[in-house]
Amino acid sequence: MKTEKNDIKIKVCMGPGGIATGGADVIKVFKDDLASANIKAKIGKGCSLHKVGCFGLCARDVLVDVIVGKNKTTYQYVKPDMVPRIVKEHLIENNPVSEWTVGDDYYSFYNKQIKVVLSEFSEVDPEDIDTYTAVGGYEATKKVLTKFTPEKTIAIIKKSGIRGRGGAGFPTGVKWEICRKVESDQKFIICNADEGDPGAFMDRAVIEGNPHSVIEGMIIGAYAIGATKGYVYVRAEYPLAVERLTIAIKQARGKNLLGENILGTKFNFDVRLKLGAGAFVCGEETALIASIEGQRGMPRAKPPFPVHSGLWGKPTVINNVETLANVPYIIRKGADWFSSFGTEKSKGTKVFALTGKVKNTGLIEVPMGILLREIIYDIGGGIEGGKAFKAVQTGGPSGGCIPAELVDINVDYESLAKVGSIVGSGGMVVLDDTDCMVSIAKFFLEFTQAESCGKCVPCRVGTKRLLEILDRITAGKGREGDIELLEDLGNDIKLSSLCGLGQTAPNPILSTIKYFRHEYEAHIKEQKCPAKVCKDLIEYGILEEFCKGCGACLRVCPSKAITGEKKKPHIISVDVCIKCGACFDVCKFKAVKKE
Amino acid sequence: MLEVSPEVEKKLDGVLQKHITDEGNIISLLQDMQEAFGYIPEKAVGWFSKKLDIPESRFYGVITFYSQFHTHPRGRNLITACCGTACHVKGSERLINSLRRELNIVEEEDTTDDRKFTVEKVACIGTCSMAPAVIINKKIYGNMTADKLMKMVKTLEGKKNED
Ligand SMILES: Cc1cc2nc3c(=O)[nH]c(=O)nc-3n(C[C@H](O)[C@H](O)[C@H](O)COP(=O)(O)O)c2cc1C
Ligand code: FES
């Protein structure tokens, strides 16, 4: 049979999306089926099962690449029970199951993307260092340690123009240079993998997909600044990232890429993991340092900056996961290559977690300066369910909402800052016309208020007061002047808070007021929620003329607020209704109204 | 100091040894404690405080700061619902509310009276593209609906009845 001679590879997406949709089960069935087919069809040896990091288009998971010789076929929405047919028809009979393969629209998701950090995701098995070295991994380390001085290394990073991907956008080469120049017997490099933005998973995907690229970035950074010890501070909510990093570090030690006299040079460096314990503020660098030291993660005033006095008082460079993952590529392919992507002031590419109400949710990597429109429509495929695009939230709790009318702006540090938002770490939550902007602002304030460490008054008390005002507005009890009060208080908190958490916490409110003031006004003046989200301002009822009396709503109602006979229009008792919306979603005849 | 049984003492000792060999700090120590016991028992804190000569207040300072630490026993089944931004806009709040109602978990509590279930919220588990996401006993599920969730919870209940 033909397949015997061909090299067969099966790649199952085990990124965040693949895992959540049962990628592990798919792999298991593949293994079992191939094993049993092995006896009859003898295709065992040519087959290798790869566990591959994020493919990108999570909305289509589980995605499976079946590569026979040079022919690659991609299957989408694979479920374990589909595997036997793929094995039988495609691998044994050499007939791909065309009805399950991806169509042209799948490729349009990739067309506008440029992959640097994510470039080797489909080649590398994150648990096998050899697959990383096979595509040029650790070549940059070799180059730097044997050919470049630390100064030359820093010069290349500076020239590339890369800026920190953790949120603040500080030039990485400059940070390294400052730290290099500080005299000290001991320095540290820390990889910030706390990924606090609730609604983003870029760093998780990078670590789980290609952990060695992050470690390699750390080795190069350590060499450049003169550090001998490194830490990865990773959040405990990412158990798989922890596992893969642990494996990667061990393998790197085994190859003398970490440890003493790395690759026969005089350079010593080792990395340890530190697990976060669930505190957003620990993503802030001084709080992160306190947390690694085993204390409550409270930020402190800067200066002194960590590059002068960081972990245990020693000079420390803190870089984000994605920043570090870019470094090996910059060294390998050159600063000019890197800076050929992006805009004048924002170089390179940026990974975004595209989520919310777009059709193609997933992980994307685009050149800086791409139009927001291209992300939402060309890559994201537009809004799902035929609804209208309303806004996109970037930068998480520190960021803001960009309204639909600004869809033609460039996505880079400067342009987003100009419209009151930030690139942030790369969260991009798309909102449609069923999202209430006041409620979104309240959501973020609930988060920041709960996560405020309490050290400084403006943040501790201020976010609480902001939240109280939003609470009353969404309850229909807003007062005249509340909008102005939010603006005043918000600006004061921004100016007077100790750390970045408080300094940015009011942003979600200020940006929604800026672009959606009328929604705030509708809540306050008319006690109306235009998007029909705020529970206290809506009421559910049944449209008699549409109700068929099927009883679907009656069955799902958790509070037994719906009554009615079969085949006759039902009634919702407003006093008992808890406004959960279950009836609205379940009704096939659009007979439930929300006002 | 509160008395601990020899069996518990052995567990505590294991955690202590790891702490010493790994040059751990209070946070990693507490994480190991929680891994061993499922929560952080008062007795264990007392025991370590004596052994390491660190005041209990320092332990509690750290415990109360980080949301990962729990000072009360948790349910046998742990359901963690994400309420990060992506999940929020895809209706996670309703998911959580209906689950809590289904399991009769009263306000301010997160565990059922019979300690069968604990329902907790977390801010993002990094599965945002498959929102809303839920973790049931360490396994992640994406694109969750109230219906699916209730069914899964019922099979968990069934399992418990069998054994
Ligand atoms: C409240 C707060 C949370 C933060 N969370 C993160 C985070 O989760 N990940 C991250 O890389 N940076 C985070 N930062 C930014 C870091 O303080 C720091 O600027 C960054 O890690 C530096 O790395 P970079 O220069 O490579 O971006 C946060 C900052 C603040 C104020
Ligand atoms: S927002 Fe729920 S997984 Fe990220």
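The values are calculated or read from the model by the stated rules, or taken from the named source; none is laboratory data. Just so it is clear, the structure is predicted and the values come from calculations on it, not from any experiment. With ideal geometry, Cβ positions are generated from the backbone for all residues, glycine too; neighbour counts draw on all protein chains shown.
Numbers for the structure displayed
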| read-out | value |
| --- | --- |
| Qualifying residue in the range A:343-354 (condition: of a type in the set (A, V, I, L, M, F, W, C) and over 15 Å from the mean Cα position of the chain (by Cα)) | no |
| Qualifying residues in the range A:263-282 (those that are within 14 Å of chain B (Cβ to nearest Cβ) and in contact (Cβ under 8 Å) with a residue 60 or more places away in the chain) - the one surrounded by the fewest Cβ atoms within 10 Å (Cβ to Cβ) | A:A279 |
| Verdict on A:G161 being on the phi > 0 side of the Ramachandran plot and in contact with a Pro (Cβ under 9 Å, 6 or more places away or on another chain) | yes |
| Count of residues meeting criterion [more than 27 Å from A:G297 (Cα to Cα) and in contact with a Cys (Cβ under 9 Å, 6 or more places away or on another chain)] in the range A:466-513 | 6 |
| Verdict on B:K90 being in contact with a Gly (Cβ under 9 Å, 6 or more places away or on another chain), at negative phi, in contact (Cβ under 8 Å) with a residue 12 or more places away in the chain and not hydroxyl-bearing (S, T, Y) | yes |
| Counted residues, the range A:521-545 - those being of a type in the set (F, W, Y) and surrounded by fewer than 17 Cβ atoms within 10 Å (Cβ to Cβ) | 0 |
| Lone qualifier among A:E260, A:E285 - being more than 20 Å from B:V122 (Cβ to Cβ), more than 14 Å from chain B (Cβ to nearest Cβ) and within 23 Å of the chain's Cα centre (by Cα) | A:E285 |
| Within the range A:259-292, considering residues that are part of a loop (DSSP other than H, G, I, E, B) and within 16 Å of ligand 1 (Cβ to nearest atom), the one nearest to A:N320 (Cα to Cα) | A:E284 |
| Given (1) within 16 Å of ligand 1 (Cβ to nearest atom); (2) in a loop (DSSP other than H, G, I, E, B); (3) more than 14 Å from chain B (Cβ to nearest Cβ); (4) buried (at least 23 other Cβ atoms within 10 Å of the Cβ), number of the condition A:G217 does not satisfy | (2) |
| Condition check for A:I572: more than 14 Å from chain B (Cβ to nearest Cβ), aliphatic (A, V, I, L, M), without any contact (Cβ under 8 Å) to a residue 40 or more places away in the chain and in contact with a helix residue (DSSP H, G or I) (Cβ under 8 Å, 6 or more places away or on another chain) | yes |
| Answer residue from the range B:75-99, given it is in a helix (DSSP H, G or I) and of a type in the set (S, T, Y) and is farthest from the other protein chains (Cβ to nearest Cβ) among those | B:S92 |
| Helices (runs of 4 or more DSSP H) fully within the range A:400-518 counting 2 or more residues that are within 14 Å of another protein chain (Cβ to nearest Cβ) and without any contact (Cβ under 8 Å) to a residue 24 or more places away in the chain | A:437-451 |
| Residue count for the range A:260-284, restricted to those that are on the phi < 0 side of the Ramachandran plot and within 16 Å of ligand 2 (Cβ to nearest atom) | 3 |
| Enumeration of residues in the range A:491-515 that are hydroxyl-bearing (S, T, Y) and over 19 Å from A:L431 (Cβ atoms) | A:S496, A:S497, A:T504 |
| Near pairs, Cβ below 7 angstrom, 6+ apart or cross-chain, from the range B:117-141 (at the interface with another protein chain (Cβ under 10 Å from one of its Cβ atoms) and within 21 Å of B:F69 (Cβ to Cβ)) to any residue that is in a strand (DSSP E or B) and more than 7 Å from ligand 2 (Cβ to nearest atom) | B:V122/B:T80; B:I125/B:I135; B:I125/B:I140; B:I135/B:T80 |
| Residues of the range A:376-394 that turn out to be within 14 Å of chain B (Cβ to nearest Cβ) and either part of a helix (DSSP H, G or I) or within 17 Å of the chain's Cα centre (by Cα) (or both), as a count | 7 |
| Subset of the range A:164-192 that is within 7 Å of ligand 1 (Cβ to nearest atom) and outside any loop (DSSP other than H, G, I, E, B) - its residue that is nearest to the other protein chains (Cβ to nearest Cβ) | A:N192 |
| Residue tally, condition without any contact (Cβ under 8 Å) to a residue 12 or more places away in the chain and either out of contact with any helix residue (DSSP H, G or I) (no Cβ under 8 Å at 6 or more places or on another chain) or of a type in the set (D, E, K, R) (or both), over the range A:91-127 | 6 |
| Checking B:R94 against (1) out of contact with any helix residue (DSSP H, G or I) (no Cβ under 6 Å at 6 or more places or on another chain); (2) within 30 Å of A:M202 (Cβ to Cβ); (3) at pLDDT 90 or above, the condition it does not meet | (3) |
| Residue in the range A:210-230 that is within 26 Å of A:A134 (Cβ to Cβ), among the polar types (S, T, N, Q), in contact with an Asp or Glu (Cβ under 7 Å, 6 or more places away or on another chain) and not assigned by TED's automatic domain parsing to the domain that holds A:P16 present | yes |
| Count - residues of the range A:78-123 that are over 20 Å from the mean Cα position of the chain (by Cα) and either among the charged types (D, E, K, R) or at negative phi (or both) | 32 |
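Per-residue answers, yes or no, for (1) modelled with pLDDT of 90 or more; (2) exposed (fewer than 13 other Cβ atoms within 10 Å of the Cβ); (3) not assigned by TED's automatic domain parsing to the domain that holds B:L30:
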site: B:F59; (1), (2), (3): yes, no, no
site: B:A81; (1), (2), (3): yes, no, yes
site: B:G84; (1), (2), (3): yes, no, yes
site: B:L103; (1), (2), (3): yes, no, yes
site: B:E107; (1), (2), (3): no, yes, yes
site: B:F117; (1), (2), (3): yes, no, yes
site: B:I125; (1), (2), (3): yes, no, yes
